[in-house]
Structures are given as structure tokens and as C-alpha cells.
Amino acid sequence: MQSSNDRLHGAGGGPESAVDHRGAPYPPSSQGVPHPGYDDPWYDALASGWGETPAPRSTEGALPSTRREAVRDPGRIAADVYLEVQRSAAFQEVRGRYRRFVVPAVVAFLGWYAAYVVAATAAPALMARPVVGAVNVAMLAGLGQFLSTFLLTWAYARHARLRRDRAALELRWDTQELTRGARGGAS
């Protein structure tokens, strides 16, 4: 079976297995370090390096002194990471794609809804005009409201899947990796 983030699940019961380990507490590793457990509904596979035993740290590539002092306040580090991600070009691109779809879609849908309400109140003779048998223009326009809602929902889900989900998921993984790295692997 393959998860939503293109990582294969094995059948061996390990961290990459198809068994759902999200709610189960992790036993300590052979080095006595407990594995992190996450109660996240979007979490379906371990990120790169998560759930693995920690490797001994080397002194080369150590954090600069300003970062070492910031490690004492994990909340401040997380805020800095999230602000850095928010300012990134990748995040701005995802938000731009979202806005380029949502703003015109909302304007069009609200315009269509307002036209229906205005026509129903301002032109009752037009709305009462029969189309086929007992079906009149108002009934067709009302059913069109339902149809347009379903079409808009489908279009939004398709747009998100094709244009935003993968980039947003990559941003999420990057943010988690940056937060974990800034905290010294403690999160």
C-alpha cells in the first residue's frame, strides 16, 4: 500500500508498515531515548529521520551562538521558524494559488446567488414563467444553486489536489524539520 506522500508501507510491522501506530505509545529505543508519538490526523508516515534512533552529534556544523541561546526557549524558536516559512517564496506561491482560485470563485458564486435573490424579489413574473409543465424558472434557478454548489466544491477540491496540496505538504514537512532542527532534535 502507498500512503498519500508517496512512501511505501511494508508489511513487517516496522515504522513504515501499514499498521496504524499513531495512537500507540512508542517503546524506548535501544539507547533509552523514547520515540516521539504524534496525535495528528494528517500524519500517515514517518518523516525523514523520525522514529529512527538518534545518531551521535558531531561538533562540526554546530548552531551559531545566537541559536544556542535561543534553544532555551522552544516557543520562540518555533515562532521564528514559522515566520521564516511564511516569508518564503514557496509559501507565498501556495497562498497566491489559493487566492487566485478562491477570490474569483467566491465573487462569481455570491454574484450568482445575489442575482437569484434579486430576480426572485424584483421579477416575480419572470421567475413564475413555466418552462416544462409545473417546473418554472425559479425552480430551475434554485436547482442551479445546488448544482453550482456541488460543481464549485468539486472544482475547489480538484484545484487543491492538483495545484496546492503537494507544495503545502512539502512546506509542512520542511517546517517540521526546521522546528525539530532548531530545537536540537528535541521535538
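The values are calculated or read from the model by the stated rules, or taken from the named source; none is laboratory data. This is a predicted model, so every value here is computed, not measured. When we count neighbours, we look across all protein chains shown, and the Cβ atoms used for this are built from the backbone with ideal geometry, even at glycine. The protein model used for the area step is the full one, side chains on, heavy atoms only, and it has no ligands, DNA or RNA in it. Shrake-Rupley method; radii C 1.70, N 1.55, O 1.52, S 1.80 Å.
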Report yes if residue 97 is loosely packed, with under 14 Cβ neighbours inside 10 Å, at negative phi and basic (Lys, Arg), otherwise no.
no
I'd like to check something: does the range 83-100 contain any residue that is aliphatic (A, V, I, L, M), in contact with a helix residue (DSSP H, G or I) (Cβ under 9 Å, 6 or more places away or on another chain) and more than 30 Å from residue 178 (Cα to Cα)?
no
Here is a list: 152, 147, 110. Which entry is at pLDDT 95 or above, surrounded by 14 or more Cβ atoms within 10 Å (Cβ to Cβ) and farther than 30 Å from residue 82 by Cβ?
152
Exactly one of these conditions fails for residue 168: (1) in contact (Cβ under 8 Å) with a residue 12 or more places away in the chain; (2) open to solvent by 90 Å² or more (accessible area, probe 1.4 Å); (3) within 26 Å of the chain's Cα centre (by Cα). Give me its number.
(2)
Quick check on this structure: which one of 115, 141, 120, 167 is under 30 Å from residue 82 (Cβ atoms) and in a helix (DSSP H, G or I)?
167
One residue is enough: does the range 60-69 have a residue meeting the conditions of a type in the set (Val, Ile, Thr), open to solvent by 60 Å² or more (accessible area, probe 1.4 Å), at pLDDT 90 or above and assigned to a helix (DSSP H, G or I)?
no
